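S.K.: Right, I'll just put the structure down here and ask away after.
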Amino acid sequence: MNGVSHHRRTSFAVVFAALFVAIAFTAVRADSTIWKSVLGWIAAGTLLLSIAYFINWPGVFGKSEVGSLRWPIVMLMAPMLLFVRIVWQLQNIAIRTPLYNEIVPDLFVGRLCNYESLPEGVSVVVDLTAEFQTPHSLQPRVQIICLPTLDGCPPDWQKCQQAFALIGNNHHRIYACCANGHGRSVTFMAAWLGYQRKCNSAIEAVRLIQAARPTAAPNSDQMSFLTQVFHTLPQWCRGE
């Protein structure tokens, strides 16, 4: 999307590139062959993550658009995936925020969860995580729309449009989720609120979400994306 800021994504890319250099240097200097191999494995994952953030490649973790993980990529990225899982679990323990919040009637934003933890009556789950497999318990029971998105990044606008078309104008209870329900899912839900003409600007949509979920905090890249979305929506809805 033209005009969208990529400062945060670039920052992530630089951080992972620096980590790659540090870990690779340590691996070269290690005496143990086993230690060299482990560090080399970790270094490869950080290098791939750096590249993924530079080029905006959410498939780096191997997640498909049906929510499954491709095992060859999972094996390569296993150290990174393990680290992400541990951090996520610690966040869930340390950050005492609700699993989800209802933004307006029938629209929810929250963390990725199993079917048993969903709000009652949810019929559509929009999963924006790139680093986690969509829980198996969801798949036979609700409509799942996967928009794999790197942490800290906005979703792909074309895929958002496809998701809007899949949801349609039928009455659904919709649950948008990411790792913590603070950034990616909030960004998607704000765009959906604009598409549904419930809000007239990015700031209005985000404030509406924050009124229900105070921890919602799209970063500068995500807000830049939303500003462009609300500029684009009138023309797109008219088919221009």
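S.K.: So how tilted is helix 157-167 from the main axis of the chain? Cα-based, degrees 0 to 90, rounded to 10.
M.R.: Computed tilt is about 50 degrees.
S.K.: Gln196 versus Met1, label points 7 Å from Cα toward the beta carbon: distance in nm?
M.R.: The modelled label-to-label distance comes out at 1.8 nm.
S.K.: Can you list which of the trypsin sites (Lys or Arg not before Pro) found in segment 1-104 are DSSP loop residues with at most 14 other C-beta atoms within 10 Å?
M.R.: On the way: sites: Arg8, Arg9, Arg29, Lys36, Lys63, Arg70, Arg85, Arg96; in loops: Arg70, Arg96.
Here the sparse-neighbourhood loop sites are Arg70, Arg96.
S.K.: Before I look further, what does the chain give for accessible area per residue, probe 1.4 Å, in whole square angstrom?
M.R.: Details: 11910 Å² over 240 residues.
Averaged over the residues of the chain, the accessible area is 50 Å².
S.K.: Using a 1.4 Å probe on the protein chains only, how many percent of the accessible area of the chain belongs to carbon and sulfur? Walk me through the numbers before you get to the answer.
M.R.: Numbers: 7090 of 11910 Å².
On the chain, the fraction of accessible area on carbon and sulfur atoms equals 60 percent.
S.K.: Is there a quick way to get the dipole size of the chain? I mean about its Cα centre, with the Cβ of Lys and Arg at +1 and of Asp and Glu at -1; what is the value in debye to the nearest 20?
M.R.: With Lys and Arg at +1 and Asp and Glu at -1, about 160 debye.
S.K.: Restrict the search to segment 108-194; then list the GluC sites (Glu not before Pro) that DSSP places in a loop and that have at most 14 other Cβ atoms within 10 Å of their Cβ. Before the final figure, lay out the partial values.
M.R.: On the way: sites: Glu116, Glu120, Glu131; in loops: Glu120, Glu131.
For GluC sites (Glu not before Pro) across segment 108-194 that sit outside H, G, I, E and B with at most 14 neighbouring Cβ atoms in 10 Å, the list reads Glu120.
S.K.: Could you give the C-alpha radius of gyration of segment 113-179 expressed as a fraction of 2.2 N^0.38 Å, taking N as the number of residues it contains?
M.R.: Details: Rg = 11.7 Å, N = 67, 2.2 N^0.38 = 10.9 Å.
That ratio works out to 1.08.
S.K.: Between segment 13-47 and segment 64-141, what is the separation of their alpha carbon centroids in Å?
M.R.: Each part's Cα centre sits 29 Å from the other's.
S.K.: So what's the back-of-envelope 222 nm ellipticity for the chain, counting only DSSP H runs of four-plus at -39500 (n - 2.57) apiece and dividing by all residues, rounded to 500?
M.R.: Dividing the helical sum by the residues of the chain leaves -16500 deg cm²/dmol.
S.K.: Here is a further query. Under 5 Å between amide H atoms, partner at least 5 residues away or on a different chain: which partners does Cys146 have, H built in plane at 1.01 Å?
M.R.: Residues meeting the criterion, in which the H sits 1.01 Å from N, are Asp127.
S.K.: Name the lysines eligible as straight-distance cross-link partners of Lys198: C-alpha to C-alpha under 24 Å, and not fewer than 8 places from it in the same chain.
M.R.: Within the straight-line limit of under 24 Å, Lys198 reaches these lysines: Lys159.
S.K.: Among Val66, Val109, Val186, which one shows the highest mean-square fluctuation when the chain is modelled as a Gaussian network with alpha-carbon springs under 10 Å?
M.R.: Greatest mean-square fluctuation among the candidates belongs to Val66.
The values are calculated or read from the model by the stated rules, or taken from the named source; none is laboratory data. These numbers come from a predicted model, not from an experiment. Cβ coordinates were reconstructed from backbone atoms using ideal geometry, including for glycine residues, and neighbour counts include every protein chain displayed. Heads up: the accessible areas ignore ligands, DNA and RNA and are worked out on the full protein's heavy atoms, side chains in. Shrake-Rupley method; radii C 1.70, N 1.55, O 1.52, S 1.80 Å.
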